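Below is one structure, written out as structure tokens; comments come after it.
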Amino acid sequence: MRPISRDFSLQLLLDALAERLPGVLIASYTGESAGPRESHAVISINSPGAFIQLIRAPRGLGLARAWVTGTIDITGDLHEIVRRESQLRDPKLYALILATAVRLTPSFRFHHIRGSGATRIEYRYPRPGRHSISRDIIETEYHYGRSLEFYRNLLGASLAYSCAIFSSSSQTLDAAQANKHELICQKLNVSNESTILDIGCGWGSLLRYAIQHYSCKARGITASREQYMALRSDPELVRTELEIVHGDYRQCLPARGVTTAASVGVYEHVGAKHSQQFFSLIRASLQPGARYLNQCIVRTEDGPKHFRRNSFTQRYIFPNAQLLPLSVQIRDLERTGFQVLSVTLHGQSYEQTLRCWIDNLTAKWGACVDLEGEQSVRAWYMYLTGALTRFESRAIDVAQVLAQAR
């Protein structure tokens with residue numbers, strides 16, 4: 001016979017969670033638990049503060065804050081739990097969580113309430129759909145302004161922060177990134193007479209590859225001050241034919257004297273309202289017949305048009321990011337003077353890329369925490385795991401679109 005719980009409403013909630021997450025042990029700071037003792041993962045509710053966080057932000061943001069601050073912890077297979085996230089969206093479960101929180105109100109202390117709001121690393125001013133130059137630069141710096149060593153730990157030696165293209169499951173991340181760079185150079189017909197423009201060049205991985213393997217000239221644009229300073233201070237690049245410009249694409253384009261162009265992983269920051277302007281400025285930089293390649297994450301036609309203002313992604317990772325369907329990109333390219341030559345999808349390669357990044361982050365966890373703090377590293381771990389789940393379900397994909405200026 002089951003022993004009487006110290007808090008029956010809390011035990012009901014634990015039972016409901018365990019029912020929706022078979023094979024997972026759910027444990028509470030009060031001593032109650034539900035689910036199998038021999039489990040592949042454990043969700044631990046470590047403090048009543050978790051319930052206050054869920055009350056103050058009852059959708060995903062409250063749960064994200066609980067994870068980031070450690071009032072809820074997960075040990076074991078986080079990926080498997082995130083894959084079942086849809087099973088936790090039951091309105092009856094939300095009602096049970098709120099009822100449990102109200103029932104536990106007498107046990108709350110002032111420090112639980114004070115620490116239940118926005119965390120210290122949270123982006124406080126998300127404005128989905130609003131893309132002024134000044135706002136975009138601030139939000140770019142929020143995401144890319146972390147230490148170079150943090151990104152080196154996460155991304156590996158290539159410092160390529162976009163989908164690698166794997167030719168086999170055994171290929172290393174760095175080799176797959178080089179494979180992507182070679183594929184882009186081939187599609188763009190890069191030669192020693194080329195001047196390649198990379199809009200949103202990151203830490204210059206594509207441009208480095210093009211210079212080293214094709215002896216071409218290169219120009220990069222980045223809105224991140226941290227990336228700009230890292231590139232300007234790199235002694236290897238000082239001696240190359242590489243020019244780096246700091247600013248928003250609207251400040252730096254059209255560019256003169258370039259023969260071909262690419263943008264890899266930047267279109268997600270542009271937004272639907274500025275999509276045609278973005279492509280128009282690139283088209284104005286190119287002569288007729290010149291090639292342009294855009295690689296970006298795309299969503300399905302029926303997917304959400306925006307990340308919610310208070311979503312985990314908006315608050316902790318990508319303020320004001322927006323994923324657009326492939327059809328919008330193709331339409332706007334054609335409207336701005338491009339002819340689309342080819343479209344290839346690489347979602348399966350992004351799955352492998354994300355697994356490599358997660359492995360890197362896990363292996364360098366302590367070093368990353370020393371650089372950026374526990375909360376930031378926990379947020380990135382959750383973000384990467386969630387992204388992997390969405391790619392596996394094909395809710396999102398990666399598209400390489402090759403176009404030619406008419």
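Bear in mind these aren't lab numbers, they're just calculated from the coordinates by the rules spelled out. These numbers come from a predicted model, not from an experiment. Cβ: placed from backbone, ideal geometry, glycine included. Neighbour counts: every protein chain shown.
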Between 0 and 90°, nearest 10: helix 173-187 axis offset from the chain longest Cα axis: 40
Taking +1 at the Cβ of each Lys and Arg and -1 at the Cβ of each Asp and Glu, which of Asn192, Leu14, Leu354 sits farthest along the dipole of the chain towards its positive end, judged by Cα position relative to the Cα centre? Leu14
Could you line up Cys252, Cys216 from fewest to most neighbouring Cβ atoms inside 10 Å? Cys252, Cys216
Near Lys217, which lysines are there with a Cα under 21 Å away, not counting those fewer than 8 places off in the same chain? Lys180, Lys187
Sequence-distant or interchain residues sharing an amide H contact under 5 Å with Asn320, placed H: which? Arg127
Nearest 10 degrees is fine. How inclined is helix 8-20 to the longest principal axis of the chain, computing both from alpha carbons? 40
How far is the Cα center of the range 19-76 from the Cα center of the range 287-302, in Å? 41
Helix 326-335: inclination vs the chain longest Cα principal axis, degrees, rounded to 10, gives 30
Near the amide H of Ser194, under 5 Å away, which other amide H atoms are found, from residues 5 or more places off or on another chain, if H is placed in the peptide plane? Lys217
Quick one: Cα centre-to-centre distance for the range 328-348 and the range 217-272, in angstrom? 22
Exposure proxy ranking, count of Cβ atoms within 10 Å, fewest first, for Val270, Val298, Val82: Val82, Val298, Val270
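Nearest 500 deg cm²/dmol is fine: what mean residue ellipticity at 222 nm does the chain get from its DSSP H runs of n ≥ 4 alone, each adding -39,500 (n - 2.57), divided by its residue count?
Values: 19 runs with 184 residues, N = 406.
Calculated mean residue ellipticity at 222 nm is -13000 deg cm²/dmol.
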With label points set 7 Å from each Cα along the Cα-to-Cβ direction at Glu301 and Ser132, the distance between them in nm comes to 3.7
Taking θ = phi - 60°, what integer Hz values does the Karplus form 6.51 cos²θ - 1.76 cosθ + 1.60 yield along the range 209-214, in sequence order, with x for Gly and Pro? 4, 4, 5, 5, 9, 10
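Sorted by packing (mean other beta-carbon atoms within 10 Å per residue), highest first, where do 262-269, 234-241, 31-38 land? Please list the in-between numbers first.
Values: 262-269: 22.1, 234-241: 12.4, 31-38: 14.5.
Averaged packing, sorted descending, gives the order 262-269, 31-38, 234-241.
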